[in-house]
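Chemist: If you scroll down you'll find the structure; I have some questions about it.
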Amino acid sequence: MNDDKLIIFDTTLRDGEQSPGASMTRDEKVRIAKALERMRVDVIEAGFPIASQGDFEAVQAVAGAVTETTVCGLARALDKDIDRAGEALKPAASSRIHTFIATSPIHMKMKLRMEPDQVITQAVHAVKRARNFTDNIEFSPEDAGRSEIDFLCRVIEAVIDAGATTVNIPDTVGYNLPHQFGELIRTLIERVPNSDKAVFSVHCHNDLGLAVGNSLSAVLNGARQVECTINGLGERAGNAALEEVVMTVQTRQDVFPCRTGLDTTQIVPCSRLVSGITGFAVQPNKAIVGANAFAHESGIHQDGVLKSRETYEIMRAQDVGWSANRIVLGKHSGRNAFRTRLKDLDIEFESEEDLNKAFTRFKDLADKKHEIFDEDLQSLVTESGLEAENDWLKLVALRVCSETGEVPDATVTLWVDGEEQQSAAAGSGPVDAAFKAIEALVNSHTELQLYSVNNITSGTDSQGEVTVRLQRDGHIVNGQGADTDIVIASAKAYVNALNKIIRREERAHPQLGDV
Ligand code: KIV
Ligand code: ZN
């Protein structure tokens, strides 16, 4: 039995949110945090409180909503960041402050314009300041993967002396190779004299597709915390995928000298929740959580699996939460059944009015689609959260005409800043026509960067979930919409993205800006 604990630190709500277009509202963050708690992750990095008032409130809300899991807030090695993080984390039953400063020659010289000794002084000061709020302090030497080893050892020794309880080694730009990164962790643990006073953690980015490999190599060399995200979401090519790290450690207990405490059956539901909220679809062949991850297409494989599952499967689909779609509700289900099923899914409403709105949507959906699955309910609730009171645009009606040999056209009625307006346009297909009709009213000057449709459940009566990514002046947003009619789902997603562009909320980025 491998008794050593591998701490799982989830940063979907912080580094994951740094994916262009993946920003989440406070309530969405709380829903994801509760799903992570249900999965029993050890630490949730809920955000970067100094970034904006919205980020501060989201960290505060997660801190208040989660009781079993440690909630962490990110702070640069600056007094104002640390104080803001400490303030946001006040409601938490267990809190951690994660402070960082860059240590690679290129970052110190070009970004910070600081001498190495100044960096050490500031790192030590930051850790001491964070101790005013909690004893649970994590320090990261940013871009450690490209830092000089002697300097890294000095910084780490100094921050542990100052009170850091976790030392996180980030491969910020995803440059390392697994054997190198493992070696780095082993060397640091061996050479830093007080290394036994802190947990060594790793935080790997996926620029070369090596984030999970590097994290696992670090674990084999002594790291006992891995920072990761659901579906590998994160800055640029993303972070190490939680599901891959956790299932590798669990499946290869013959190799790994440690275990996680996770309830792995929550992995697929959590993956779906995150992709539904962010609009980042999971590729079908993605390990563990992709739709094809346990599907055997070839006759030889199917035959083998039927005779003995182990011939081609190294994990059981149900161990990661894949279960056959279950019919949970239908046309005749009442408000109580609806409320109870949502409660089972840990979905709560702030007010009776919100519940009523969701129930009305449920009834509308049940009229079109007789069997309502858990996935439909999740999407329905996400949909309810997509419309804000102060939305400038609302989709009132859409009519499309598409016929073989004819140019499709669409007529759209929108609520534009309190006034109903209508327009029509032709397009290369019904979706194109609908978007053009909306644009004729809005004139948004945005560029459509991505359009994707996924079915929420199987069957032709399934709801289509559409993601639309728009870009304007370097600002990127994702919009989502779901409906059994994919043209309507597309129009809803487009309107949702336009509302986000219009509400544009400025946020500071943790790795840019002043120190
Ligand atoms: O990638 C990185 O270096 C980070 C730090 C803030 C830990 O996200
Ligand atoms: Zn990162």
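Chemist: Would you mind stating whether ARG14 is more than 16 Å from ALA92 (Cα to Cα) and within 16 Å of ligand 1 (Cβ to nearest atom)?
Modeler: Here the answer is yes, as ARG14 does meet what is asked.
Chemist: Here is a follow-up. Take ARG131 and tell me if it is surrounded by 22 or more Cβ atoms within 10 Å (Cβ to Cβ) and of a type in the set (Lys, Arg).
Modeler: Spelling it out, it is not the case that ARG131 is surrounded by 22 or more Cβ atoms within 10 Å (Cβ to Cβ) and of a type in the set (Lys, Arg).
Chemist: Tell me, which helices (runs of 4 or more DSSP H) lie completely within the range 128-238 with 2 or more residues that are within 14 Å of ligand 2 (Cβ to nearest atom) and in the same structural domain as PRO20 (by TED's automatic domain parsing)?
Modeler: 211-220
Chemist: Next question. Which residues, taken from the range 276-294, are of a type outside the set (A, V, I, L, M, F, W, C), modelled with pLDDT of 90 or more and open to solvent by 10 Å² or more (accessible area, probe 1.4 Å)?
Modeler: Answer for the range 276-294, where residues must be of a type outside the set (A, V, I, L, M, F, W, C), modelled with pLDDT of 90 or more and open to solvent by 10 Å² or more (accessible area, probe 1.4 Å): ASN285, LYS286.
Chemist: Something else about it: So which pairs qualify, if the first residue must be in the range 336-349 and farther than 11 Å from LEU377 by Cβ, the second must be open to solvent by 40 Å² or more (accessible area, probe 1.4 Å), the Cβ gap must be under 8 Å, and the two must be at least 6 apart or on different chains?
Modeler: ASP346/ARG31; ASP346/LYS34; ASP346/ARG38
Chemist: Also, quick follow-up: Which of the residues belonging to the range 468-493 are open to solvent by less than 10 Å² (accessible area, probe 1.4 Å) and in contact with a Phe, Trp or Tyr (Cβ under 9 Å, 6 or more places away or on another chain)?
Modeler: VAL468, LEU470, ASN478, GLY479, GLY481, SER490, ALA491, ALA493 - these are the residues of the range 468-493 that are open to solvent by less than 10 Å² (accessible area, probe 1.4 Å) and in contact with a Phe, Trp or Tyr (Cβ under 9 Å, 6 or more places away or on another chain).
Chemist: Also: Within the range 100-107, is even one residue surrounded by fewer than 17 Cβ atoms within 10 Å (Cβ to Cβ) and without any contact (Cβ under 8 Å) to a residue 40 or more places away in the chain?
Modeler: There is no residue in the range 100-107 that is surrounded by fewer than 17 Cβ atoms within 10 Å (Cβ to Cβ) and without any contact (Cβ under 8 Å) to a residue 40 or more places away in the chain.
Chemist: Among the residues of the range 408-426, write down those that are outside any loop (DSSP other than H, G, I, E, B), among the acidic types (Asp, Glu) and modelled with pLDDT under 95.
Modeler: GLU419, the sole residue that qualifies.
Chemist: Do we find that THR229 is within 27 Å of GLU115 (Cα to Cα), within 15 Å of ligand 1 (Cβ to nearest atom), among the hydroxyl-bearing types (Ser, Thr, Tyr) and within 26 Å of the chain's Cα centre (by Cα) in this structure?
Modeler: no
Chemist: Filter the range 232-255 for residues that are open to solvent by less than 10 Å² (accessible area, probe 1.4 Å) and not aliphatic (A, V, I, L, M); which is farthest from ligand 1 (Cβ to nearest atom)?
Modeler: Filtering first and then ranking leaves GLU243.
Chemist: Let me ask something else about it. Which condition from (1) touching a residue at least 60 places away in the same chain (Cβ under 8 Å); (2) more than 16 Å from ligand 2 (Cβ to nearest atom); (3) closer than 30 Å to LEU450 by Cα; (4) of a type in the set (D, E, K, R) is the one that LYS29 breaks?
Modeler: (1)
Chemist: Kindly indicate whether PHE100 is of a type in the set (Phe, Trp, Tyr) and part of a helix (DSSP H, G or I).
Modeler: So PHE100 does not fit the description; no.
Chemist: ILE438: touching a Gly at 6+ places or on another chain (Cβ under 8 Å) and either away from ligand 2 (no atom under 16 Å from the Cβ) or modelled with pLDDT of 90 or more (or both), yes or no?
Modeler: So ILE438 does not fit the description; no.
Chemist: If VAL66 satisfies all but one of (1) away from ligand 1 (no atom under 16 Å from the Cβ); (2) in contact (Cβ under 8 Å) with a residue 60 or more places away in the chain; (3) of a type in the set (Val, Ile, Thr), what's the number of the condition it fails?
Modeler: (2)
Chemist: Next question, about the same structure. Just one of VAL212, VAL202 is farther than 17 Å from GLU45 by Cα, in contact (Cβ under 8 Å) with a residue 12 or more places away in the chain and buried (at least 17 other Cβ atoms within 10 Å of the Cβ); which is it?
Modeler: It is VAL212.
Chemist: Given the conditions (1) in contact with a His (Cβ under 8 Å, 6 or more places away or on another chain); (2) open to solvent by less than 80 Å² (accessible area, probe 1.4 Å); (3) assigned to a loop (DSSP other than H, G, I, E, B), and given that TRP322 satisfies all but one, which numbered condition is not satisfied?
Modeler: Unmet for TRP322, out of (1) in contact with a His (Cβ under 8 Å, 6 or more places away or on another chain); (2) open to solvent by less than 80 Å² (accessible area, probe 1.4 Å); (3) assigned to a loop (DSSP other than H, G, I, E, B): (1).
Chemist: What's the number of the only condition in (1) open to solvent by 20 Å² or more (accessible area, probe 1.4 Å); (2) closer than 30 Å to PRO269 by Cα that GLN463 fails to meet?
Modeler: (1)
Chemist: Tally time: how many residues in the range 84-96 are touching a residue at least 40 places away in the same chain (Cβ under 8 Å), of a type outside the set (S, T, N, Q) and more than 11 Å from VAL59 (Cβ to Cβ)?
Modeler: The total comes to 1.
The values are calculated or read from the model by the stated rules, or taken from the named source; none is laboratory data. Since this is a predicted model, take the numbers as computed values, not measurements. Reconstructed Cβ throughout: ideal geometry from the backbone, glycine too, with neighbour counts over all protein chains shown. Please note that ligands, DNA and RNA were not included when accessible areas were found on the heavy atoms of the full protein model with its side chains. Shrake-Rupley method; radii C 1.70, N 1.55, O 1.52, S 1.80 Å.
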